[in-house]
Amino acid sequence: MAACAPVLLIRSIMQVRLLLCAVLLLSPLAAQADDHKLTVVASFSIIADMARQVAGSDADITSIVPAATDAHAYEPTAQDAKKLTKADVILLNGLGFEGWFERLAAATGDKKTIFTLTKGIAPLMHGTTPDPHAWQDVSNAKIYVANIRDALIAKDPAYAAHFTQNAERYISELEALDAWAKTEIAKIPPAKRRAITSHDALGYFAKAYGLELIPAQGISTEGELSAAGLAHLIDQVRSEKVNAIFLENMSNPRLMQQLAEESGAKIGGEIYSDALSAATGDGTTYISLFRHNVSIITTALEK
Ligand code: ZN
């Protein structure tokens, strides 16, 4: 064994050299072909999809927090820091949503690459704390898209016409989505427009579309609901005749199931709150996510 080791070592050095030669030979070609492509890193899956709609095939877009994953409780990895250093454009939600980003941002240095997509939005306030879930109102999503368009143009002005055209098309799709959501929710009798959600992710949604959604947890998913908090919710469900409880695609459903069992309210289904669905789900884009949520909510509450 010991005698073989130097031979193996020499062999692997040669392989590495060959590999390096191949990379060096190929890389000028690869760089030429994709020269204009921007590297875009989004903080979470929903804004990564919006960026894909605006950039089309003219950017490589990745998300730090993957689909079907809770962005509030996310723990960034060394891989994420590496992604940021290579990014031309970093897209953040802002309003305190990415609590983990500050730690990671130290790795990037260049503040010019960071764009906050809630810029220009009037946030819903909980006392002095802004509610970050602004994308749950489609009229805000249109502002996100305009901010993404401007970020891409700032970094790649040669493609301005292309990004502008894509953003226009996407914004008109969002306008149709907004009108459809309003029509659908208007079909629910006003007295039935009341439900429980896992955490306070749908404040903008409730306000824009005329629903009362009572969150079991606050605007972050961090921290556990106390026994007293659960007992209070059970009372509220019974006394206010809330008939549906919605689960979320990124949180532990155990608590909500217990609430349903003890209060007698039914589980209305799973909504997509802070993340796109897994690839097998029906919320793999922002538009399909939103259509899914509106359908689940109207179906459960109309009954
Ligand atoms: Zn949230």
message = Return the residues of the range 277-296 that are open to solvent by 30 Å² or more (accessible area, probe 1.4 Å), of a type in the set (V, I, T) and within 23 Å of A186 (Cα to Cα); say none if nothing qualifies.
response = I287, I296
note = Scanning the range 122-155 residue by residue, the ones that are more than 16 Å from the ligand (Cβ to nearest atom), small (G, A, S), within 30 Å of Q217 (Cα to Cα) and at pLDDT 95 or above total 2
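For every residue, the table says whether it meets (1) in contact (Cβ under 8 Å) with a residue 60 or more places away in the chain; (2) among the small types (G, A, S).
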residue: T113; (1), (2): no, no
residue: Y144; (1), (2): yes, no
residue: I148; (1), (2): yes, no
residue: K155; (1), (2): yes, no
residue: A161; (1), (2): no, yes
residue: I171; (1), (2): no, no
ask   = Quick one: which strands (runs of 3 or more DSSP E) sit completely within the range 197-303 and have at least 2 residues that are among the β-branched types (V, I, T)?
value = 266-271
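I'm trying to understand the selection: among the residues of the range 213-228, which are surrounded by 13 or more Cβ atoms within 10 Å (Cβ to Cβ) and away from the ligand (no atom under 11 Å from the Cβ)?
If the condition is that a residue be surrounded by 13 or more Cβ atoms within 10 Å (Cβ to Cβ) and away from the ligand (no atom under 11 Å from the Cβ), then L213, I214, A216, L225 are the ones that fit.
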message = Restricting to the range 43-79, give me the number of residues that are away from the ligand (no atom under 16 Å from the Cβ), of a type in the set (G, A, S) and within 13 Å of the chain's Cα centre (by Cα).
response = 2
key: Subset of the range 80-94 (residues that are over 14 Å from the mean Cα position of the chain (by Cα) and not in a strand (DSSP E or B))   = D80, A81, K82, K83, L84, T85, K86, A87, D88
query = Quick one: what pairs do we get from the range 68-93, first residue touching a residue at least 60 places away in the same chain (Cβ under 8 Å) and over 22 Å from N249 (Cα atoms), second within 16 Å of the ligand (Cβ to nearest atom) and part of a loop (DSSP other than H, G, I, E, B), C-beta under 7 Å, 6+ apart or different chains?
reply = L91/L117
request  = Report, by residue number, each residue of the range 246-259 that is open to solvent by less than 20 Å² (accessible area, probe 1.4 Å), modelled with pLDDT under 90 and touching a helix residue (DSSP H, G or I) at 6+ places or on another chain (Cβ under 9 Å).
outcome  = E248, L259
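The rows are residues; the columns are (1) in a loop (DSSP other than H, G, I, E, B); (2) of a type outside the set (V, I, T); (3) over 18 Å from the mean Cα position of the chain (by Cα).
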site: G96; (1), (2), (3): yes, yes, no
site: T118; (1), (2), (3): yes, no, no
site: A122; (1), (2), (3): yes, yes, yes
site: P132; (1), (2), (3): yes, yes, no
site: W135; (1), (2), (3): no, yes, no
site: S139; (1), (2), (3): no, yes, no
query = Which one of A146, A179, A151 is part of a helix (DSSP H, G or I), among the small types (G, A, S), surrounded by fewer than 21 Cβ atoms within 10 Å (Cβ to Cβ) and within 21 Å of the chain's Cα centre (by Cα)?
reply = A146
inquiry  = Filter the range 99-132 down to the residues that are under 20 Å from I171 (Cβ atoms) and open to solvent by less than 30 Å² (accessible area, probe 1.4 Å) and list them by number.
reply    = L117, T118, I121
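The values are calculated or read from the model by the stated rules, or taken from the named source; none is laboratory data. The shown structure was predicted, so the numbers you read here are calculated from the model rather than taken from an experiment. Virtual Cβ from ideal backbone geometry, glycine too; neighbours counted across all protein chains shown. Just the protein is used for accessible areas: all its heavy atoms, side chains included, with ligands, DNA and RNA removed. Shrake-Rupley method; radii C 1.70, N 1.55, O 1.52, S 1.80 Å.
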